[in-house]
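A.B. asks: Let me begin by handing over the structure; questions about it come next.
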Amino acid sequence: MLVYLLKRITHALPVAFGVSVVCFLLVHIAPGDPLTSVLPPDASAQLQAEMRRIYGFDRPLPVQYGLWAMKALQGDLGTSIATGRPVATELGKAIGNTLMLAVLATLIGFILGSLFGFVAGYFRGSWIDKLASFISIIGVSVPHYWLGMVLVIIFSVQLNWLPATGAGPGGSDAWRWDWAHIRHLILPAVTMSVIPMGIVARTVRALVADILSQEFVSGLRAKGLLDFGVFRHVVKNAAPTALAVMGLQLGYLLGGSILIETVFSWPGTGFLLGQAIFQRDLPLLQGTILVLALFFVTLNMIVDIVQAMLDPRVQRA
Amino acid sequence: MSAAASIAAMAAIEKSPGYWSGVLTRLRRDPVAMVALAVVLALILMAIFAPWVAPNDPYRSSMIRRLRPIGTPGFPLGTDELGRDMLSRLIYGARLSLLMGVMPVIIAFFVGSAIGITAGFVGGRVNTVLMRTIDVFFAFPSVLLAIALSGALGAGIFNGLLSLTVVFIPPIARIAESVTTGVRKIEYVEAARASGASGFTIVRVHVLGNVIGPIFVYATSLISVSLILASGLSFLGLGVKPPEPEWGLMLNTLRNAIYVQPWVAALPGVMIFITSVSFNLLSDGLRSAMDLKA
Amino acid sequence: MSAAQGMSAAPGGSLAAGPLLSVHGLTKHFPIRSGLLGRGSVVVRAVDGISFDVTEGETLGIVGESGCGKSTTARLLVDLITPDSGEIRLANRRLGADMTVRDLRRDVQMVFQDSYASLNPRLTMEDAIAFGPMINGMAERQATNLAHDLLSRVGLEPRRFAGRYPHELSGGQRQRVNIARALAFSPKVVILDEAVSALDKSVEAQVLNLLSDLKSELGLTYIFISHDLNVVRYMSDRVMVMYLGEVAEIGPVDSLYSNPAHPYTRALLAAMPSMDPDRRTEEAPLSGDPPNPINPPSGCRFHTRCAHAAPVCSSAIPNLSRLRAERHLAGCHMLVPGSGHPEAAAEARP
């Protein structure tokens with residue numbers, strides 16, 4: 001196990017390095033000079049050169065990368081061009097909101113998806129199975145930002161039950177666990193949960209159907225022993241894979257929350273990205289993407305390690 | 001005598017149906033896939049013949065007839081926030097939406113297959129270098145990578161296409177690599193090597209035919225993701241720029257209209273949804289039609 | 001006219017004095033990725049310095065337990081795996097010196113065990129057979145005709161089988177196609193790597209008979225690899241016994257089966273099911289699995305499982321020594337007088 005752990009970590013390190021290089025290069029594939037957005041259009045050539053030197057853009061790329069990476073490792077992700085505040089500060093405020101939304105959405109999606117998938121796999125071929133398969137196809141095919149809009153139309157505009165945007169009354173960004181705040185969380189979380197739900201349902205259905213087709217289980221079923229023992233066996237064998245899928249989905253939601261956060265004006269990392277794109281605030285874009293991508297790499301690694309702990313077969317693969 | 005005899009023999013040879021004709025036969029017997037195929041073909045025809053199908057000019061705006069409801073005479077699906085005919089814009093929207101959704105997957109299918117098959121067939125150090133690079137891009141959630149790239153490159157159709165292509169190359173290359181690595185170890189490839197065939201000939205005759213099917217099915221399953229992502233980029237103000245009709249961009253510009261004409265504002269999403277479901281169902285049908293053991 | 005006939009018959013014998021295929025010191029070690037960074041220096045000694053000759057027109061059987069290096073040897077002989085060291089000679093031409101891999105592969109063809117995996121599922125039988133000749137420059141029409149000829153030669157009617165795909169054929173039919181494909185090159189040597197092992201017994205007998213017929217019709221030389229000692233005895237003129245990448249014993253089939261010299265050969269033969277109650281050896285059948293070829297035992301590799309093991313067996317590597325019968329050799333200390341083994345003759349006597 002320790003060997004596997006070390007192996008997995010040594011595999012993740014070069015990937016993390018590569019990810020940081022890609023993020024670093026984002027600013028350099030952008031058309032034009034990153035300085036043009038901070039400098040007035042009539043800035044003198046001397047001022048431009050001065051600023052270029054201060055920002056370090058006159059050095060060779062590997063050196064620039066080294067300096068940037070050193071700073072990033074110390075938590076300095078640069079300064080937002082639009083607000084003038086450190087990117088790390090902006091991120092710190094946003095990341096908790098996104099995490100809360102993504103975790104809740106993953107939980108909802110996992111519970112509903114497992115339920116659909118389990119029932120579908122257990123009664124394979126029946127109308128329940130077909131219905132569940134249909135729902136899961138819908139789940140993976142629906143443009144979730146549009147689904148968010150439709151939910152807003154129904155529950156905010158038409159029924160006026162839930163708020164359409166924001167994370168708290170009066171646009172407050174201090175989260176509290178009271179109804180006034182939780183109301184804001186419901187629609188975005190439900191919208192977001194549709195993505196993992198479809199995928200978890202598909203996975204669990206396949207797992208359950210596979211386990212139930214094993215000979216000794218069908219033997220038990222033939223004897224009419226459709227009891228708790230069979231159920232426990234299925235859950236025990238399906239859990240590691242299902243949990244791994246859940247972990248990966250959490251990662252995808254963290255990175256992919258931008259569209260839903262934009263629809264609901266949810267003040268998380270995705271919303272931050274949206275602002276960065278809108279204002280062409282490249283340092284903010286770069287820093288946010290770096291943090292989210294590294295989060296995803298780490299999460300992938302943790303999922304693999306946990307899965308290996310639960311299921312020794314994985315280690316040998 | 002032998003020439004005539006062999007011609008006669010050849011004429012009489014019983015030919016079994018090939019693999020792909022079997023796939024088509026099975027696909028034709030799948031009603032869900034056939035309906036999905038019909039919808040996809042209808043959408044493509046609609047995109048091609050948009051100028052003849054659309055009742056109005058999709059660009060002509062009017063301040064006095066903004067945001068009319070569904071069922072307005074002359075504007076069966078209402079008008080948008082600038083008074084443009086929704087039906088015509090939805091029909092024209094199929095052009096850019098399909099292009100932005102399908103094109104990246106097609107390009108990524110060729111590039112990703114080439115990378116993956118090369119890595120899988122050559123193996124060794126070439127494999128390590130190619131696949132570790134692919135791993136880096138694979139380490140980004142697809143939405144995040146698409147947004148990172150097009151966010152940095154800026155809005156525009158070409159930048160959107162480029163970003164999405166880069167997003168879909170890694171997953172396709174990964175599948176291609178693993179399928180090819182599997183095929184490379186099978187004896188018929190060894191037998192071909194033992195017959196003195198060059199690596200290129202072996203790939204062309206023995207590898208390609210056996211790996212392209214699984215890669216193709218996987219790529220078709222990405223079209224739906226790509227459509228949603230492409231429209232999503234336009235929804236965020238990346239990708240297609242106004243005033244071009246594109247479903248994601250239309251959703252974006254109509255967002256504030258949900259308080260006035262909510263159902264008109266939701267229409268472009270219906271189009272994305274129908275297209276994406278159809279491609280998904282078609283891909284599923286293809287997947288089960290290609291399973292030889294079924 | 002008659003003089004010419006006489007000429008061609010007489011020197012033929014003297015020219016064939018050298019073996020058709022000759023292998024010397026063939027070695028292949030596979031490195032194993034191990035350790036954290038996959039940089040371990042651990043190797044599997046799959047084939048470790050083996051030498052043997054094959055005479056034109058004979059069948060050399062190779063037997064041994066799974067993992068003994070039989071299949072690696074076969075793949076080394078057609079350069080599907082490149083050897084670490086050792087030389088391969090075909091008709092006195094040395095591979096790498098005056099013979100290319102391409103030359104070798106035209107003259108030495110191989111039939112694999114898995115008849116299904118050996119055939120590309122997307123190619124019809126005629127295309128599968130015609131592929132080799134076509135990439136070697138034959139026109140498509142001609143190659144297809146050749147494929148049809150070969151199909152009838154292996155007992156498959158071209159009209160029925162040429163347009164079929166592998167999954168439509170039975171295992172025996174597929175293996176006939178694989179044989180036809182190997183023959184498409186007019187090879188001198190055909191390596192049959194467990195070629196009949198996966199077939200039903202009745203089908204196996206038919207394919208073995210086909211192989212015998214083809215051999216005499218086309219003047220082929222076979223290397224017949226199998227773990228089935230009965231089949232090897234039926235097919236072979238000489239037999240080579242391999243153990244953990246080395247040659248334990250090699251000799252004419254009758255001599256080896258009636259007077260096995262190496263304890264390993266005796267144990268293998270003891271384990272062999274026989275119809276004949278008189279054919280028994282006192283040797284105990286083998287127990288357990290062969291040791292790991294990553295770290296083969298020192299000295300004689302068989303000593304960990306040998307009933308006659310003595311101290312010398314774990315310290316000294318036995319050489320192949322000549323036995324009474326012609327061309328019969330075995331590597332065991334008991335056969336070498338003065339080797340230090342208690343069951344060996346005390347001292348070499350003149």
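A.B. asks: How many of the residues in region A:252-282 are closer than 19 Å to A:Val19 by Cβ and either modelled with pLDDT under 85 or buried (at least 24 other Cβ atoms within 10 Å of the Cβ) (or both)?
C.D. replies: Residues meeting the conditions: 12.
A.B. asks: Examine region B:218-225 for a residue that is more than 14 Å from chain C (Cβ to nearest Cβ), within 13 Å of B:Leu96 (Cα to Cα) and surrounded by 24 or more Cβ atoms within 10 Å (Cβ to Cβ), and state whether such a residue exists. Break it down into steps so the answer makes sense when it comes.
C.D. replies: Filtering region B:218-225 for residues more than 14 Å from chain C (Cβ to nearest Cβ) gives B:218-225.
If we keep only those that are within 13 Å of B:Leu96 (Cα to Cα) as well, we get none.
There is no residue in region B:218-225 that is more than 14 Å from chain C (Cβ to nearest Cβ), within 13 Å of B:Leu96 (Cα to Cα) and surrounded by 24 or more Cβ atoms within 10 Å (Cβ to Cβ).
A.B. asks: Looking only at region C:282-332, which residues are polar (S, T, N, Q) and in a loop (DSSP other than H, G, I, E, B)?
C.D. replies: The answer is C:Ser287, C:Asn292, C:Asn295, C:Ser298, C:Thr304, C:Asn319.
A.B. asks: From the residues in region C:80-95 that are out of contact with any strand residue (DSSP E or B) (no Cβ under 7 Å at 6 or more places or on another chain) and within 22 Å of C:Pro31 (Cβ to Cβ), which one is surrounded by the most Cβ atoms within 10 Å (Cβ to Cβ)?
C.D. replies: C:Leu80
A.B. asks: How many residues does region A:241-272 hold that are part of a loop (DSSP other than H, G, I, E, B) and within 11 Å of chain B (Cβ to nearest Cβ)? I'd like the intermediate steps shown before the answer.
C.D. replies: Step one: list which residues in region A:241-272 are part of a loop (DSSP other than H, G, I, E, B), which gives A:257, A:265-268.
Applying the additional criterion that residues be within 11 Å of chain B (Cβ to nearest Cβ) yields A:257, A:265.
Residues meeting the conditions: 2.
Quick grid of which residues meet (1) closer than 24 Å to A:Val234 by Cα; (2) within 14 Å of another protein chain (Cβ to nearest Cβ); (3) in contact (Cβ under 8 Å) with a residue 24 or more places away in the chain; (4) crowded, with 22+ Cβ neighbours inside 10 Å:
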{"site": "A:Ile111", "(1), (2), (3), (4)": "yes, no, no, no"}
{"site": "A:Ser114", "(1), (2), (3), (4)": "yes, no, yes, yes"}
{"site": "A:Phe118", "(1), (2), (3), (4)": "yes, no, yes, no"}
{"site": "A:Phe123", "(1), (2), (3), (4)": "yes, no, no, no"}
{"site": "A:Asp129", "(1), (2), (3), (4)": "yes, no, yes, no"}
{"site": "A:Ser133", "(1), (2), (3), (4)": "yes, yes, yes, no"}
{"site": "A:Gly148", "(1), (2), (3), (4)": "no, yes, yes, yes"}
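A.B. asks: Considering only residues that are within 7 Å of chain B (Cβ to nearest Cβ) and closer than 24 Å to C:Glu168 by Cα, look in region C:125-142 and name the one that is modelled with the lowest pLDDT.
C.D. replies: Across region C:125-142, the extreme among qualifying residues is C:Gly132.
A.B. asks: What is the one condition in (1) within 12 Å of chain C (Cβ to nearest Cβ); (2) without any contact (Cβ under 8 Å) to a residue 40 or more places away in the chain that B:Ile212 does not satisfy?
C.D. replies: In the conditions (1) within 12 Å of chain C (Cβ to nearest Cβ); (2) without any contact (Cβ under 8 Å) to a residue 40 or more places away in the chain, B:Ile212 misses (2) alone.
A.B. asks: Taking the stated definitions as given, is B:Ala257 small (Gly, Ala, Ser) and within 9 Å of another protein chain (Cβ to nearest Cβ)?
C.D. replies: Criteria not met by B:Ala257.
A.B. asks: Name the residue, out of B:Ile44, B:Ile70, that is modelled with pLDDT of 95 or more and either surrounded by fewer than 17 Cβ atoms within 10 Å (Cβ to Cβ) or more than 20 Å from the chain's Cα centre (by Cα) (or both).
C.D. replies: Only one candidate passes the filter, namely B:Ile44.
A.B. asks: Being of a type in the set (D, E, K, R) and at the interface with chain B (Cβ under 10 Å from one of its Cβ atoms) is the filter here; which residues of region C:77-102 pass it?
C.D. replies: Answer for region C:77-102, where residues must be of a type in the set (D, E, K, R) and at the interface with chain B (Cβ under 10 Å from one of its Cβ atoms): C:Asp79, C:Arg102.
A.B. asks: Sticking with this one: Determine if region A:285-300 includes at least one residue that is more than 10 Å from chain B (Cβ to nearest Cβ), more than 27 Å from A:Leu187 (Cα to Cα), crowded, with 21+ Cβ neighbours inside 10 Å and in contact with a helix residue (DSSP H, G or I) (Cβ under 6 Å, 6 or more places away or on another chain).
C.D. replies: Yes, because at least one residue in region A:285-300 is more than 10 Å from chain B (Cβ to nearest Cβ), more than 27 Å from A:Leu187 (Cα to Cα), crowded, with 21+ Cβ neighbours inside 10 Å and in contact with a helix residue (DSSP H, G or I) (Cβ under 6 Å, 6 or more places away or on another chain).
A.B. asks: Still on this structure, please answer the following. Could you name every one of the helices (runs of 4 or more DSSP H) located completely within region B:176-294 that has at least 2 residues being among the aromatic types (Phe, Trp, Tyr) and modelled with pLDDT of 90 or more? Please lay out each step first, then the result.
C.D. replies: Working: elements: B:187-194, B:199-202, B:208-235, B:247-253, B:262-290.
In region B:176-294, the matching helices (runs of 4 or more DSSP H) lie at B:208-235, B:262-290.
A.B. asks: Could you please let me know if A:Leu220 is modelled with pLDDT under 85 and either in contact with a His (Cβ under 8 Å, 6 or more places away or on another chain) or not in a helix (DSSP H, G or I) (or both)?
C.D. replies: It is false that A:Leu220 is modelled with pLDDT under 85 and either in contact with a His (Cβ under 8 Å, 6 or more places away or on another chain) or not in a helix (DSSP H, G or I) (or both).
A.B. asks: Give the residue, chosen from C:Pro158, C:Pro121, that is in contact with a helix residue (DSSP H, G or I) (Cβ under 8 Å, 6 or more places away or on another chain) and surrounded by fewer than 22 Cβ atoms within 10 Å (Cβ to Cβ).
C.D. replies: Answer to the selection: C:Pro121.
A.B. asks: Out of curiosity, is C:Arg105 at pLDDT 90 or above, more than 19 Å from C:Pro296 (Cβ to Cβ), in a helix (DSSP H, G or I) and within 14 Å of chain B (Cβ to nearest Cβ)?
C.D. replies: no
Residue-by-condition table, conditions (1) in contact (Cβ under 8 Å) with a residue 60 or more places away in the chain; (2) touching a Phe, Trp or Tyr at 6+ places or on another chain (Cβ under 6 Å):
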| residue | (1), (2) |
| --- | --- |
| B:Asp85 | no, yes |
| B:Leu96 | yes, no |
| B:Ala108 | yes, yes |
| B:Val126 | no, no |
| B:Ala146 | yes, no |
| B:Gly151 | yes, no |
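A.B. asks: Let me ask another. How about region B:193-208: which of its residues are of a type outside the set (Ser, Thr, Tyr), facing chain C (nearest Cβ under 7 Å) and in contact with a Phe, Trp or Tyr (Cβ under 8 Å, 6 or more places away or on another chain)?
C.D. replies: B:Ala197, B:Val205, B:His206, listed by residue number.
A.B. asks: So, B:Phe158, is that one part of a helix (DSSP H, G or I), in contact with a Ser or Thr (Cβ under 8 Å, 6 or more places away or on another chain), of a type in the set (Phe, Trp, Tyr) and away from chain C (no Cβ under 14 Å) or not? Before you say what the answer is, go through the steps one by one.
C.D. replies: Working: part of a helix (DSSP H, G or I): yes; in contact with a Ser or Thr (Cβ under 8 Å, 6 or more places away or on another chain): no; of a type in the set (Phe, Trp, Tyr): yes; away from chain C (no Cβ under 14 Å): yes.
Taking the combined requirement at face value, the residue does not satisfy it.
A.B. asks: How do the pairs read when you match residues in region A:12-32 that are within 8 Å of another protein chain (Cβ to nearest Cβ) with residues anywhere that are of a type in the set (D, E, K, R), using Cβ under 7 Å and keeping only pairs 6 or more apart or on different chains?
C.D. replies: A:Pro14/B:Arg132; A:Val15/B:Asp135
A.B. asks: So if I check each of B:Ser178, B:Ser221, which one is in contact (Cβ under 8 Å) with a residue 12 or more places away in the chain, among the hydroxyl-bearing types (Ser, Thr, Tyr) and under 30 Å from B:Arg255 (Cβ atoms)?
C.D. replies: On inspection, the qualifying residue turns out to be B:Ser221.
A.B. asks: Under 29 Å from A:Pro188 (Cβ atoms), assigned to a helix (DSSP H, G or I) and of a type outside the set (S, T, N, Q): is that true of A:Val103 in this structure?
C.D. replies: In short, yes.
A.B. asks: May I pose another question? Of all residues being aliphatic (A, V, I, L, M) and under 22 Å from C:Arg106 (Cβ atoms) in region C:206-238, which is surrounded by the fewest Cβ atoms within 10 Å (Cβ to Cβ)? Just the residue, please.
C.D. replies: Of region C:206-238, the ones aliphatic (A, V, I, L, M) are C:207-208, C:210-211, C:214, C:218, C:220, C:223, C:225, C:229, C:231-232, C:235.
The next check asks that each one be under 22 Å from C:Arg106 (Cβ atoms); those that pass are C:211, C:214, C:218, C:220, C:223, C:225.
Values: C:Leu211: 22, C:Leu214: 19, C:Leu218: 13, C:Leu220: 20, C:Ile223: 25, C:Ile225: 26.
Among those that are aliphatic (A, V, I, L, M) and under 22 Å from C:Arg106 (Cβ atoms), it is C:Leu218.
A.B. asks: Filter region C:161-191 for residues that are surrounded by fewer than 19 Cβ atoms within 10 Å (Cβ to Cβ) and among the polar types (S, T, N, Q); which is nearest to the other protein chains (Cβ to nearest Cβ)?
C.D. replies: The selected residue is C:Ser186.
The values are calculated or read from the model by the stated rules, or taken from the named source; none is laboratory data. All values reported here derive from a predicted model rather than from experimental measurement. Quick reminder, even Gly has a Cβ in these numbers, built from the backbone with ideal geometry, and neighbours come from all protein chains shown.
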